[in-house]
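Written below as structure tokens is the structure these notes are about.
The values are calculated or read from the model by the stated rules, or taken from the named source; none is laboratory data. All figures in this text were calculated on a predicted structure; none of them were measured in a lab. Cβ: placed from backbone, ideal geometry, glycine included. Neighbour counts: every protein chain shown.
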Amino acid sequence: MRKIVHVDMDAFYASVEQRDAPELRGKPVVVAWKGARSVVCAASYEARKFGIRSAMPALRAARLCPDALFVPPDFTRYREVSRQIRAIFHRHSDLVEPLSLDEAYLDVTAEKTGLPSATETAKVIRAEIRAETALTASAGVAPNKFLAKIASDWKKPDGLFVIRPEEAEAFLTPLPVGKLPGVGKATAGALESLGIRTVGDLRAREPRELERRFGRVGPRLWELARGIDESPVEPRQEVKSISAEDTFPEDLALDELGPALDLAAERVWTAAERQGKLGRTVTLKLKTAEFRVLTRRLTPPGPPASAAELAALARELAARVELPAATRYRLAGVGLSGFGAEDDAEPAQSVLFDDAREAPES
């Protein structure tokens, strides 16, 4: 049986800013660029009390908390702190799977320092992070990744929660099905229409019934409801590309796509910076009203230096599309790839933003 620890830093970017600037401590801090199209990268716990969350438009955050202190993100500094934290992880296990700069899975079944339990390992890791970075982390301990990730969120911030194998079923039973990975609003709504609101409700259903209703996702839901997750901790997950795309409520002409491309570029840029990635190749994806998919790529002499530059390159690619002027488009997306060798030491999961109207949840 595996021993898995999921470590998640508490309000990481905002906490780094508060650590390094004493005048920010105890204040509602929002890490974001100011501007009409900027989004929140992180919010301190003081800011979260006002309803501010990551990925929220910065203008909305300012409305929710007029006294919030906006700080532009410094990803170079965040990456350096992330390297410190990752070095701590590797003292205890060679099986470390980073999910982003601020969270990771560790398989500590064969713990390197001789600590007697995964719980003790999680306690020591959190103490080492605090001592060496002056930051706090929350951790979850469980027999698999799925349960460990839920556990790490259970006592945030600065908390530790353990789900032992014999406790998994009782822990899961009352949880809303939306707590299961892969269950978004659409899937949760479909489950609720069948009278399935909690994990316990889901566990009572037959796997064949779930498969008929949800396809190949059905058996996976059945397993998760029983706390079953055999996925291993994978130390390397190289990013090949990061993309964002949206399906429009109404089909648009080519010359109307600019604002959508700007927004997609902003989302891609935020995701790339969160993962410490610098890409050179820009990809434009379009889908016509007739469902024809077009892609255009451009590799400039140097990588784009900002979200605005990325958006400008996407607009340039759109200008090269030579379909008839009457063509209408139902989807537009922007991608970034060509991450250089300098990024090889920064493993992270790829990020893909898909509009739920375009692709079903899985």
Q: List the number of the failed condition for A348; all other conditions in (1) touching a Ser or Thr at 6+ places or on another chain (Cβ under 7 Å); (2) modelled with pLDDT of 90 or more; (3) among the small types (G, A, S) hold.
A: (2)
Q: Could you check W33 against (1) at pLDDT 90 or above; (2) touching a Cys at 6+ places or on another chain (Cβ under 9 Å) and say which number it fails?
A: (1)
Q. Before we move on, is D102 crowded, with 21+ Cβ neighbours inside 10 Å and not assigned by TED's automatic domain parsing to the domain that holds V31?
A. yes
Q) Which members of the stretch 57-74 meet the condition of being of a type in the set (D, E) and at pLDDT 95 or above? A) D67
**Q.** Subset of the stretch 172-216 (residues that are under 28 Å from F12 (Cβ atoms) and free of Cβ contacts under 8 Å to residues at least 12 places away in the same chain)
**A.** G178
Q.
Give me the residue from the stretch 204-234 that is closer than 22 Å to M1 by Cα and crowded, with 16+ Cβ neighbours inside 10 Å and, out of that set, farthest from the chain's Cα centre (by Cα).
A. W222
Q) Given the structure, is S306 among the small types (G, A, S) and in contact with a strand residue (DSSP E or B) (Cβ under 7 Å, 6 or more places away or on another chain)? A) no
Q) Across the stretch 1-29, which residue is nearest to P116 (Cα to Cα) among those that are in contact (Cβ under 8 Å) with a residue 12 or more places away in the chain and of a type in the set (K, R)? A) K3
Q.
Tally up the residues in the stretch 295-308 that are in contact with a Leu (Cβ under 9 Å, 6 or more places away or on another chain) and exposed (fewer than 14 other Cβ atoms within 10 Å of the Cβ), please.
A. 3
Q. Of all residues in the stretch 37-73, which are charged (D, E, K, R) and either assigned by TED's automatic domain parsing to the domain that holds A264 or under 17 Å from the mean Cα position of the chain (by Cα) (or both)?
A. R53
**Q.** Hits in the stretch 223-267 (condition: in contact (Cβ under 8 Å) with a residue 12 or more places away in the chain, part of a strand (DSSP E or B) and under 21 Å from A319 (Cα atoms))
**A.** S243, A244, E245, D246, T247, F248, D251, L252, A253
Q: Return yes or no: is E234 in contact with a strand residue (DSSP E or B) (Cβ under 9 Å, 6 or more places away or on another chain) and in the same structural domain as F339 (by TED's automatic domain parsing)?
A: no
Q | Whichever residue in the stretch 36-56 is small (G, A, S) and surrounded by 14 or more Cβ atoms within 10 Å (Cβ to Cβ) and, among such residues, is modelled with the lowest pLDDT | A | S38
